[in-house]
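These notes concern the structure reproduced below.
The values are calculated or read from the model by the stated rules, or taken from the named source; none is laboratory data. Everything numeric in this text was worked out from a predicted model, so none of it was measured. Cβ placement follows ideal geometry from the backbone for every residue including glycine, while neighbour counts extend to all protein chains displayed.
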Amino acid sequence: MELNRLFSDDIMSRRPLVLAGPCSAESEAQVLEAARALAAAGVKIFRAGVWKPRTKPGGFEGIGSPALSWLAKVKAETGMLIATEVANERHTREALDAGVDVLWIGARTSANPFAVQEIADVLAALPQERRDSLAVLVKNPVNPDLELWIGAMERINGAGIRRIGAIHRGFSAYGKHIYRNPPKWRIPIELHRRIPELPIICDPSHIGGKRELIASLSQQALDMNFDGLIVECHCHPDSALSDSAQQITPDVLAYILETLVIPSEASSTESLGLLRKQIDRLDDDLLELLAKRMRVARDIGRYKKEHNMPVLQPGRYNDLMQKRVDAAVQLDLNADFIKNVLASIHEESVRQQLELQ
């Protein structure tokens, strides 16, 4: 994928690149209040959702087209670039007509090749000058499918757009997790390996789902050499009409940006610090999986109690142990190490089941 600079040298010289603004454009006053505060904090790109895809009907789905004029006022008054999400042909045409500088394609849309191609066809029909100046960011699909993510960006690239970036917003998952959308950092890391010149922007708001996680997630992204952040900011986040729990005020964003540690440009993605960060993330995954396993073990314990079955069933344990060890050896893991790990897990599962008897 042959890419030009995502934005001007003036904006790209500020690392991290920051896009900020409310989840939804709720009113002209709300949009302008947030934009003025963010401009004062040095943010150069204002983001706000005009059309908001909701998981279930009945929620606030955005003001729609009338909100585009509010973004145009932000651009005229503050000089900021303006960004919004598009999900179909109509959204794209209206956003372009309103002078939007940055389009982003959301996680639900990037998972749909038909929708992405519909957007790409609109972009392909633009004059060359407009295609050269427009930036398009593509969020990862809701599921961890790297090929689908790359495919969406290739469609936009095929439309003649060269200012393309990826937004990592985490991936949907069933059950309880530390994060709203677990980041699965190995996927954007592999994306960077596959397309080294592609700018990758982290969305800590959607990954974390809680405002108190934004600072740490932002630092983790920079430690992994991400190029920027897209953060949801609202002057009165508790009263926001959508995603109130994950929005922060412009003042808090300014503080976070001041306290972020920017790694040296010379640092390698294979540095010890980066590798340790990967270990930390994998440890989080392991803890979540162990917690899930113990919940299932307790469910099994309840079933055994209800059906008057013994907790310990040695025949099944021995059979499973051998199968797991054989599978581990195929993954280049040490057999004795895996036996010890599995024995400890089994012992804890039995202990928890006995407590239910």
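List of remarks:
- Selection from the range 86-98 of residues that are within 24 Å of His206 (Cα to Cα) and either buried (at least 22 other Cβ atoms within 10 Å of the Cβ) or aliphatic (A, V, I, L, M) (or both): Val86, Ala87, His91, Thr92, Ala95
- Hits in the range 340-357 (condition: of a type in the set (S, T, N, Q), in contact with a helix residue (DSSP H, G or I) (Cβ under 8 Å, 6 or more places away or on another chain) and either farther than 13 Å from Lys305 by Cα or surrounded by 11 or more Cβ atoms within 10 Å (Cβ to Cβ) (or both)): Ser349, Gln352, Gln353
- Those residues of the range 32-53 which are in a loop (DSSP other than H, G, I, E, B), surrounded by fewer than 16 Cβ atoms within 10 Å (Cβ to Cβ) and out of contact with any Gly (no Cβ under 9 Å at 6 or more places or on another chain), in sequence order: Gly42
- Test result for Leu126, closer than 25 Å to Ala48 by Cα, in a loop (DSSP other than H, G, I, E, B) and at pLDDT 95 or above: yes
- Taken over the range 177-198, the criterion of being touching a residue at least 24 places away in the same chain (Cβ under 8 Å), surrounded by fewer than 18 Cβ atoms within 10 Å (Cβ to Cβ) and charged (D, E, K, R) is satisfied by Arg186, Glu190, Arg194, Glu197.
- Applying a threshold of 8 Å to beta carbon distances and a minimum spacing of six or more residues, or different chains, the list of pairs starting in the range 251-266 at a residue that is assigned to a loop (DSSP other than H, G, I, E, B) and charged (D, E, K, R) and ending at one that is surrounded by 13 or more Cβ atoms within 10 Å (Cβ to Cβ) and modelled with pLDDT of 95 or more is empty.
- Here Ile119 does not fit the description of being within 24 Å of His236 (Cα to Cα), of a type outside the set (Asp, Glu) and touching a helix residue (DSSP H, G or I) at 6+ places or on another chain (Cβ under 9 Å).
- Selection within the range 201-233: residues that are among the acidic types (Asp, Glu) and either assigned to a loop (DSSP other than H, G, I, E, B) or more than 14 Å from the chain's Cα centre (by Cα) (or both). The member of this set that is modelled with the highest pLDDT is Asp203.
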